[in-house]
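The values are calculated or read from the model by the stated rules, or taken from the named source; none is laboratory data. If you're wondering where the values come from, they're calculated on a predicted model, not measured in any experiment. Quick reminder, even Gly has a Cβ in these numbers, built from the backbone with ideal geometry, and neighbours come from all protein chains shown.
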Amino acid sequence: MEREQYLAAIKPRMPEKRYIHTIGVMETAISLAERFDEDAKKAETAAILHDIAKYADIDWMEQIVRDENLDQRLLGWGSELLHGPVGAYIAESEFGITDADVLNAIRFHTTGRVGMSKLEKILFVADMIEPNRKFDGVDRLRKKAQKDLDKAVGACVRHTLSFLIDTKQAIYPVSIECYNDMMKREE
Ligand code: DGI
Ligand code: FE
Ligand code: FE
Ligand code: FE
């Protein structure tokens with residue numbers, strides 16, 4: 001499928017604001033792929049589909065986790081943690097995506113994980129720094145992403161975990177594993 005077909009398919013499944021975010025992630029992911037020598041077409045596809053499950057029904061998503069035998073720890077964590085893994089399921093089952101790297105980039109875009117591929121890192125960072133994101137410190141993350149992809153991932157994970165702690169939210173174990181993995185690499 002071509003870019004315009006994917007975009008037409010996702011547009012009715014999300015509010016305008018999320019669609020605009022998705023376009024921003026797509027453009028950012030393509031530019032990071034070019035900078036860090038990754039397949040820009042894969043980055044484009046993963047970016048367009050990354051939030052496809054963001055507005056899916058939570059009971060349905062939990063059913064998918066059970067039926068498809070996804071990570072059972074996801075049950076009870078709510079839609080923010082479910083939409084990546086279920087998004088990967090939709091990308092495969094509905095859009096016919098077979099590339100494991102593209103599927104993993106979608107699957108782990110919220111939490112990251114230990115041993116992320118370059119494509120996974122690109123989507124993870126692009127999601128956080130796309131031009132429509134506005135939060136304190138985003139410019140620092142954007143500058144890091146121009147120079148060093150691993151350091152940018154580390155800084156993005158730290159930002160997310162700090163935010164979760166500040167707002168008294170629970171941290172999913174995979175997010176912590178990703179944080180540890182990135183901090184060990186920086187030593
Ligand atoms: O879908 P987006 O809003 O574009 O971004 P995202 O998928 O990266 O993150 C969605 C939300 O998930 C964001 O508000 C932060 C939250 N999140 C990320 N990691 C964790 C988490 N929430 C909890 N409770 N635990 C986590 O480990
Ligand atoms: Fe997301
Ligand atoms: Fe993210
Ligand atoms: Fe997103």
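Things worth noting here:
- Exactly one residue out of GLY115, GLY96 is within 14 Å of LYS42 (Cα to Cα), more than 10 Å from ligand 2 (Cβ to nearest atom) and surrounded by fewer than 18 Cβ atoms within 10 Å (Cβ to Cβ), and it is GLY96.
- Pairs, first in contact (Cβ under 8 Å) with a residue 40 or more places away in the chain in segment 109-125, second acidic (Asp, Glu) and away from ligand 3 (no atom under 11 Å from the Cβ), C-beta under 7 Å, six or more apart: ARG113/GLU177; VAL114/GLU177; VAL114/ASP181; GLY115/ASP181; LYS118/GLU38; LEU119/GLU38; LEU119/ASP101; ILE122/GLU38
- Test result for GLU177, modelled with pLDDT under 95 and farther than 30 Å from GLU2 by Cβ: no
- Filter result for THR167 (near ligand 1 (Cβ under 10 Å from one of its atoms), loosely packed, with under 11 Cβ neighbours inside 10 Å and free of Cβ contacts under 8 Å to residues at least 60 places away in the same chain): yes
- In the set VAL125, VAL153, VAL157, only one residue is out of contact with any Cys (no Cβ under 6 Å at 6 or more places or on another chain), crowded, with 19+ Cβ neighbours inside 10 Å and not polar (S, T, N, Q); that residue is VAL153.
- Looking at segment 1-65, none of the helices (runs of 4 or more DSSP H) lying wholly inside it contains 3 or more residues that are among the hydroxyl-bearing types (Ser, Thr, Tyr) and closer than 30 Å to LEU75 by Cα.
- Scoring LYS41 on the criteria (1) within 22 Å of GLU2 (Cβ to Cβ); (2) buried (at least 23 other Cβ atoms within 10 Å of the Cβ); (3) of a type in the set (D, E, K, R) leaves a single failure, condition (2).
- Filtering segment 10-36 to residues that are more than 14 Å from ligand 4 (Cβ to nearest atom) and either without any contact (Cβ under 8 Å) to a residue 60 or more places away in the chain or touching a Phe, Trp or Tyr at 6+ places or on another chain (Cβ under 9 Å) (or both) leaves LYS11, PRO12, GLU16, ILE30, SER31, GLU34.
- Tally, over segment 162-178, of residues that are under 22 Å from GLN72 (Cβ atoms), of a type outside the set (S, T, N, Q) and outside any loop (DSSP other than H, G, I, E, B): 6
- Against the conditions (1) touching a Gly at 6+ places or on another chain (Cβ under 8 Å); (2) not in a loop (DSSP other than H, G, I, E, B), ALA145 satisfies every one except (1).
- Residue match in segment 142-162 (condition: within 22 Å of ILE64 (Cα to Cα) and over 14 Å from the mean Cα position of the chain (by Cα)): no
- Counting only residues that are touching a residue at least 60 places away in the same chain (Cβ under 8 Å), assigned to a helix (DSSP H, G or I) and more than 21 Å from GLU2 (Cβ to Cβ), segment 68-105 holds 2 of them.
Rundown of residues vs (1) under 24 Å from ARG73 (Cβ atoms); (2) modelled with pLDDT under 95; (3) within 14 Å of ligand 1 (Cβ to nearest atom); (4) acidic (Asp, Glu), yes/no style:
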| position | (1), (2), (3), (4) |
| --- | --- |
| ALA88 | yes, no, yes, no |
| SER93 | yes, no, no, no |
| ASP101 | yes, no, no, yes |
| ASN104 | yes, no, no, no |
| LYS121 | yes, no, yes, no |
| LYS134 | no, no, yes, no |
